[in-house]
Amino acid sequence: MTTARRRSYGVKGAPYAFLLPATILFLLFFALPIGYAVHLSFRKVQVSGLGLGAGARTEVWAGFQNYTDALGDSELVDGALRVLGYGCIVVPVMLGLALLFALMLDADKVRLAPFTRLAIFLPYAIPGVVAALLWGFLYLPDVSPFYFVLDRLGLPQPDLLDGGPLYLALSNIAVWGGTGFNMIVIYTSLQSIPAEVYEAAKLDGATPTQIALKIKIPMVAPSLVLTFFFSIIATLQVFTEPTTLKPLTNSVSTTWSPLMKVYQDAFGKGDIYAAAAQAVIIAIATLVLSFSFLRAANRRQKQEAAR
């Protein structure tokens, strides 16, 4: 083999060499665990006799039994409904605030814009457990300065960790932590809009409000779709906030969300097979919802482009 041919093979193989480490990590820490979870979801433990002694518990094929049991599990269904209500609060409020902050920071005359961007984004950099503990103690009447002020003013002191207000308390933690990230995404998209577009609109007599509603928001629609997509996934995977607040209130059960139900079955009850089936169902539901939303958004963009 000539030197030129060796160099040719080396150049052609260079991209694959660079991709190899990432591919290995993807297979070991992503694809392999998913495949193993799917494998476990079709298995179960069969107990012989009293279940004592060697060979009394054997792993056997279960078919779709774990899936049918999961779909008929009232705790999993109730957790999904709670997450649905939680998402109906979190997603619109968080994206609405993110869009509002991005538009305000993109205005012509903004004072302390770098500091404001950092202040809005900073909560996103705080770990979810720390944020949940912080707000959890602020919700407790005995230690919260808010309740002290309300008591001094003679105002009612609602219990945010009980009943309906619990949804608002959990949603507040998610909104506080996620608004900054979505704001940065939308703000970056606004910064990429050519200045000539705004100048032409001003020459036509458009007000700042009209520019924001008729130019800025339509042009950042792809960013809004992206942030909505991420928000849906994060909402369906809610786990940290209710798990962290659970020791502070009896209103949060061990199966409050679907992922908490998976964790409880896997590590509380030791039934990793049922937990694996539930995890696969959650993953499929997330994939279907995300794909359906992206498909609907793409179809709408194509229809608007064709007009």
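The values are calculated or read from the model by the stated rules, or taken from the named source; none is laboratory data. These numbers were taken from a predicted model, which means no experiment stands behind them. Note: ideal-geometry Cβ built from the backbone for every residue, glycine included; neighbour counts use all protein chains shown. All accessible areas refer to the heavy atoms of the entire protein, side chains included, with ligands and DNA or RNA removed. Shrake-Rupley method; radii C 1.70, N 1.55, O 1.52, S 1.80 Å.
Are there any helices (runs of 4 or more DSSP H) wholly within region 143-250 with 2 or more residues that are modelled with pLDDT of 90 or more and either within 26 Å of the chain's Cα centre (by Cα) or surrounded by 15 or more Cβ atoms within 10 Å (Cβ to Cβ) (or both), and if so which?
Numbers: elements: 145-153, 165-191, 195-203, 208-211, 221-236, 240-245.
Because the criterion is at least 2 residues that are modelled with pLDDT of 90 or more and either within 26 Å of the chain's Cα centre (by Cα) or surrounded by 15 or more Cβ atoms within 10 Å (Cβ to Cβ) (or both), the helices (runs of 4 or more DSSP H) in region 143-250 that meet it are 165-191, 221-236, 240-245.
With respect to the numbered conditions (1) at pLDDT 90 or above; (2) of a type in the set (Ser, Thr, Tyr); (3) surrounded by 10 or more Cβ atoms within 10 Å (Cβ to Cβ), which one is the sole condition not fulfilled by residue 74?
For residue 74, the exception is condition (3).
Check off (1) on the phi > 0 side of the Ramachandran plot; (2) touching a strand residue (DSSP E or B) at 6+ places or on another chain (Cβ under 6 Å) for residue 273 and give me the number that stays unchecked.
Result: residue 273 passes all but (1).
Can you tell me how many residues within region 46-70 are open to solvent by 60 Å² or more (accessible area, probe 1.4 Å) and modelled with pLDDT of 85 or more?
The total comes to 5.
Which condition from (1) assigned to a helix (DSSP H, G or I); (2) modelled with pLDDT of 85 or more is the one that residue 17 breaks?
So residue 17 meets the others, but not (2).
Would you be able to say whether some residue in region 105-115 is farther than 26 Å from residue 188 by Cβ and either touching a Pro at 6+ places or on another chain (Cβ under 6 Å) or not hydroxyl-bearing (Ser, Thr, Tyr) (or both)?
Just the residues of region 105-115 that are farther than 26 Å from residue 188 by Cβ, to begin with: none.
No: region 105-115 contains no residue that is farther than 26 Å from residue 188 by Cβ and either touching a Pro at 6+ places or on another chain (Cβ under 6 Å) or not hydroxyl-bearing (Ser, Thr, Tyr) (or both).
Filter region 127-139 for residues that are surrounded by fewer than 17 Cβ atoms within 10 Å (Cβ to Cβ) and touching a helix residue (DSSP H, G or I) at 6+ places or on another chain (Cβ under 7 Å); which is nearest to residue 245 (Cα to Cα)? Don't jump to the end; show me each part of the working.
Filtering region 127-139 down to residues surrounded by fewer than 17 Cβ atoms within 10 Å (Cβ to Cβ) leaves 127, 129-130, 133-134, 137-138.
Still in the list and also touching a helix residue (DSSP H, G or I) at 6+ places or on another chain (Cβ under 7 Å): 129, 133, 138.
Values: 129: 9, 133: 7, 138: 11 Å.
Among those residues, the one meeting the criterion is 133.
Counting only residues that are in a loop (DSSP other than H, G, I, E, B) and surrounded by fewer than 20 Cβ atoms within 10 Å (Cβ to Cβ), how many does region 252-293 have?
We begin by selecting, within region 252-293, every residue in a loop (DSSP other than H, G, I, E, B); these are 252-257, 269-271.
After this cut, where a residue has to be surrounded by fewer than 20 Cβ atoms within 10 Å (Cβ to Cβ) as well, the list is 253-254, 269-271.
Within region 252-293, residues that are in a loop (DSSP other than H, G, I, E, B) and surrounded by fewer than 20 Cβ atoms within 10 Å (Cβ to Cβ) number 5.
Any residue in region 270-290 that is free of Cβ contacts under 8 Å to residues at least 24 places away in the same chain and of a type in the set (S, T, N, Q)?
No, every residue in region 270-290 fails to be free of Cβ contacts under 8 Å to residues at least 24 places away in the same chain and of a type in the set (S, T, N, Q).
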